[in-house]
Amino acid sequence: MELDIDVEKTLDKTRNFLEKDLRKLASLADRDVTSLSSPQLSFSVSHGSAKKSDDILIDHWSADTALIAVHAAAHHIPDLDHEREIFILCYFKYYSDKDLVNRFTISRSSLHRRKNHALLEFARRLDVQKSNLDHNCDWLESLIVKQSDK
């Protein structure tokens, strides 16, 4: 990880994105966050709103491309010490810390360390994915907070 990253602020910003903004994006894309846990992301479009159809399609497309980048970033987290699996179970399938501690037979402090490492990896990888021309979602704000951004 880069030395100029404010780790605590990056962790807070990443958690906030995953716990709040991700649900909004998923809703706009007519998806459930749990669908991001699958190694393959499937597409389905359904719209039932009074909004203009062009606006609905733009919102849906933007949210869908963002979710594709989120999915790619999450599934590219290295799975050392089950960090990718812990990340996916925690943030996409909503497993509790207790469930994860029991599943992986690890201490709460070990789980906390692995989750934090996975969060930092996710933030770094999302920056790479969102600037990927295939994803076309460079409008997403970076989750990485630099030391100079304090």
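Things to note:
- Qualifying residues in segment 10-23 (those that are under 17 Å from residue 71 (Cβ atoms) and out of contact with any helix residue (DSSP H, G or I) (no Cβ under 8 Å at 6 or more places or on another chain)) - the one least open to solvent (accessible area, probe 1.4 Å): 17
- Only a single criterion out of (1) within 15 Å of residue 22 (Cα to Cα); (2) open to solvent by less than 70 Å² (accessible area, probe 1.4 Å); (3) modelled with pLDDT of 95 or more is not satisfied by residue 106, namely (1).
- Search result, residues across segment 112-145 that are in a loop (DSSP other than H, G, I, E, B) and charged (D, E, K, R): 134, 138, 141
- Some residue of segment 111-128 being open to solvent by 30 Å² or more (accessible area, probe 1.4 Å) and over 16 Å from the mean Cα position of the chain (by Cα): yes
The values are calculated or read from the model by the stated rules, or taken from the named source; none is laboratory data. Not measured: the values here are computed from a predicted model. Note that each Cβ is placed from the backbone with ideal geometry, even for glycine, and that neighbours are counted across all protein chains shown. Accessible surface areas use protein heavy atoms only, side chains included; no ligands, DNA or RNA. Shrake-Rupley method; radii C 1.70, N 1.55, O 1.52, S 1.80 Å.
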